[in-house]
1. Read through the list (1) without any contact (Cβ under 8 Å) to a residue 12 or more places away in the chain; (2) more than 28 Å from D126 (Cα to Cα); (3) open to solvent by less than 70 Å² (accessible area, probe 1.4 Å); (4) among the β-branched types (V, I, T), then give the number of the only condition that I32 fails.
2. Return the residues of region 61-99 that are polar (S, T, N, Q) and touching a Leu at 6+ places or on another chain (Cβ under 9 Å); say none if nothing qualifies.
3. Right, I98: crowded, with 18+ Cβ neighbours inside 10 Å, farther than 24 Å from N50 by Cα and touching a Gly at 6+ places or on another chain (Cβ under 9 Å) or not?
4. How about region 68-171: which helices (runs of 4 or more DSSP H) wholly inside it have at least 2 residues that are among the small types (G, A, S)?
5. Need the failing condition index for I75 against (1) within 30 Å of G133 (Cβ to Cβ); (2) touching a residue at least 24 places away in the same chain (Cβ under 8 Å), just the number.
6. Among the residues of region 44-81, write down those that are of a type in the set (D, E, K, R) and surrounded by 10 or more Cβ atoms within 10 Å (Cβ to Cβ).
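The values are calculated or read from the model by the stated rules, or taken from the named source; none is laboratory data. All values derive from a computational prediction rather than experimental measurement. Here the Cβ is made from the backbone with ideal geometry for all residues, glycine too, and neighbour counts use every protein chain on show. Keep in mind that these areas ignore ligands, DNA and RNA; they rest on the heavy atoms of the full protein, side chains included. Shrake-Rupley method; radii C 1.70, N 1.55, O 1.52, S 1.80 Å.
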Amino acid sequence: PDGSGAWFEISTYPIFDPQKNVSHVVEYTRNITLRKIEEKEKENLIQILNHLSTTDSLTGLFNRRALNDMLDHEIKRADRSAMYLSLIICDVDLFKRINDTYGHTAGDRALMAVSEALKQTLRKSDILGRYGGDEFMIILPETSLAGAQSLAEKVRAAVDGLTLDLPGDMR
């Protein structure tokens, strides 16, 4: 009546006469709308929990746990395929000084700015995450040492070019 949808489960059972012909049909109908709503809510909750368990809450990047899982997967894939695999670990210089001088909110803003610069610099196939504190990990599937060195230089330049909105003239 209110125009909303509903889910029903319908079970049909034939009744046979002595000659094995269907003489009657019994049908049982049950409203399973609430069950379907609960299943959808459970799926949504699982997605939220999965996101929370693999994502760094500050930067929105993969967290250490997810990075370790992905690195393990990529190592196995590279071994199977005899492909290159490179890894870059980035440590933000002077981060402790930002936190100590300007406070943790400024440090958080700096980490978010660095993560955005990294995202803008990387390729779609690269896997980026916050490894911990002021450290970021970049997994580079199918990338040689020379390719990783080139990309690391681009990452360094992008982060070096950041201007943070902090009191004073600190970059």
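1. (1)
2. S86
3. yes
4. Because the criterion is at least 2 residues that are among the small types (G, A, S), the helices (runs of 4 or more DSSP H) in region 68-171 that meet it are 104-121, 145-160.
5. (2)
6. D56, R64, R65, D69, D72, E74, K76, R77, D79, listed by residue number.
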